[in-house]
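We did not get these values from a lab; they are worked out from the coordinates using the rules stated. What you see is a predicted model, and the numbers here were worked out from it, not measured in a lab. Counting neighbours? That spans all protein chains shown, and the Cβs are built from the backbone with ideal geometry, glycine included.
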Amino acid sequence: SRIEELHFAAGTPYETVVKRALQKPEQAMKPEVAQALKKAVTDVVEHGTAKRVKGAFKLSDNTEIVVGGKTGTGDNRIEVFGAGGHLLRSKAVSRTATFVFFIGDKWFGVITAYVPGATAQNYNFTSALPVQILKNLAPELNPYVDPLNSKNCGTPDATRITQTSSRRASASDAPAAPAAAPN
């Protein structure tokens, strides 16, 4: 079953109801384009700038989960050039490093390192930083990616979602917190 409606802050000035929109799915791109794109971003992890995260996500049977993504680094500056293309001034505006990724068929995300302003000139990190952060987070994320993994995140007691039927769910419908799962 699906969540059809979420109701927040009932009876307050901040009351909000979020409902599922009835929309017909729309194809965003041709299947062969999607397949080529998935291969390209998977190659970034298999052979390219994000290869350090390869093998970090595994199912409980030790099968690797396919990970793909795109890395990017920005040394964002205002530069002034003189005659002959000589650099006259360079002022750091910010520094960014980003990894946009997917894990398997259900999970995706973005990790960005960002330093604003003049202090950005003191940093030289690249997109390897967010890739390494994802790799470091993998042991904590694996149980969510693979519900049968060690932390039992896929058990009914691990996640509580109140689903609506003909009436709205409210905070009083929320079950008590489950007992901690043994490690």
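Using only the alpha carbons of the range 65-129, determine the length spanned along each of the three principal axes and report them from longest to shortest in whole angstroms.
Principal axes ranked by extent give 52, 25, 14 Å for the Cα atoms.
Give the aspartates and glutamates whose C-alpha is closer than 13 Å to that of residue 54, dropping any in the same chain fewer than 8 places away, or say none.
43, 46, 64
With each label point set 7 Å from Cα along the Cα-Cβ vector, what nm distance links residue 7 and residue 91?
Using points 7 Å along Cα→Cβ, the separation is 5.4 nm.
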